[in-house]
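See structure below.
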Amino acid sequence: MSSDTELKVREIIAEQAVLDVDEVKPESTPEELGLDSLSMVEIVFAIEEAFDITVPFNANEPNASDFDISNVAAIVKAVEALRAAEA
């Protein structure tokens, strides 16, 4: 994982979860971090703004999305893939 991308994603998630960045581990799931669906929408918006990308995320059907939110590492990987595709 790109350390810059990973750090920024972890910072965004930590802010929404009201946690220290060090508490947001790659294997952490949204549920483990106390994030609900509204928090995930806020995270997606923040990621789009921070990285100037469009995230294919449907808040009504998050599991049907091409954007994997199963854990922090998956989110970072998805962001990196979107950045590469839009570059």
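Annotations
- Failed criterion for S3 (all others in (1) farther than 16 Å from E80 by Cβ; (2) exposed (fewer than 11 other Cβ atoms within 10 Å of the Cβ); (3) among the hydroxyl-bearing types (S, T, Y) hold): (1)
- Selection within segment 2-57 - more than 13 Å from the chain's Cα centre (by Cα) and in contact (Cβ under 8 Å) with a residue 60 or more places away in the chain: S2
- Residues in segment 1-45 that are farther than 16 Å from I69 by Cβ and of a type in the set (V, I, T): 2 in all.
- Filtering segment 34-64 to residues that are of a type outside the set (A, V, I, L, M, F, W, C) and closer than 26 Å to E23 by Cα leaves G34, D36, S37, S39, E42, E48, E49, D52, P62, N63.
Every number here is computed from the coordinates shown, using simple stated rules; none is lab data. Everything numeric here is computed off the predicted structure, so don't read it as measured data. Cβ coordinates were reconstructed from backbone atoms using ideal geometry, including for glycine residues, and neighbour counts include every protein chain displayed.
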